Amino acid sequence: MAVLSTLRLNIARALGDLVVSGTATAGTTTTLTDTVNLIHADTDQLKGYELYIYGGTAIGQKRIITAFDASNDNVTFATGTAPDTTSTYEIHKIFRVAQYNAAIDAAHDAA
């Protein structure tokens with residue numbers, strides 16, 4: 001999994017699709033908070049983007065962000081497993097994680 005997440009992060013950065021990645025500082029079943037990396041100035045700036053938890057508690061969750069609270073540095077999403085301080089995540093704006101994974105798999109198969 002580490003190789004896949006590293007490839008996905010590098011490709012997303014190169015395409016300008018990766019908005020932020022980091023480790024949660026707190027979470028509930030409907031929010032993820034990161035007081036280190038979620039420092040965007042505008043409320044709802046991340047609304048409609050995809051949150052993907054790729055490590056720790058709640059690994060594998062993919063959720064569409066329904067709100068972003070700039071004053072609390074957290075994103076809101078549909079109910080899921082509560083992330084915690086072990087949860088590492090990515091937020092993408094254009095492509096979905098499944099699209100990256102499928103492209104990586106196809107490139108691997110072609111090689």
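The values are calculated or read from the model by the stated rules, or taken from the named source; none is laboratory data. These numbers were taken from a predicted model, which means no experiment stands behind them. Because the Cβ atoms are built from the backbone with ideal geometry, glycine has one as well, and the counts that use them run over all protein chains shown. Remember, those area values only see protein heavy atoms, side chains included, never the ligands or the DNA or RNA. Shrake-Rupley method; radii C 1.70, N 1.55, O 1.52, S 1.80 Å.
For region 53-104, just say rounded, prolate or oblate: build the C-alpha gyration tensor, square-root its eigenvalues into a ≥ b ≥ c, call rounded for a/c under 1.5, and beyond that prolate if a/b exceeds b/c, oblate if not. Verdict is oblate for region 53-104. What separates the Cα centres of region 18-49 and region 76-111 is a distance of 15 Å. Based on C-alpha pairs under 8 angstrom that are at least 6 apart in sequence, the chain has a relative contact order of 33 percent.
The string of couplings for region 78-88 from the Karplus curve (6.51, -1.76, 1.60, θ = phi - 60°) is 5, 3, x, 6, 5, x, 9, 5, 9, 7, 9 Hz, one whole number per residue in order, with x for Gly and Pro. Among the protein heavy atoms of region 1-110, carbon and sulfur supply 57% of the accessible surface, probe 1.4 Å, non-protein parts ignored. Along the charge dipole of the chain, pointing to its positive end and built from +1/-1 on Cβ of Lys, Arg, Asp and Glu, which listed residue (GLN45, VAL97, PHE77) has its Cα farthest out? With unit charges placed on the Cβ atoms, the residue in question is VAL97.
The structure-derived value of mean projected area of the Cα convex hull in nm² appears in the list (1) 8.5; (2) 6.4; (3) 9.7 under the label (2). Extension gain for VAL3-LYS62 works out to 19.4 nm (0.36 nm per residue, less the C-alpha to C-alpha distance).
With the other protein chains left in place, how much accessible area per residue, in square angstrom, belongs to the chain at a 1.4 angstrom probe? That works out to 50 Å² for each residue.
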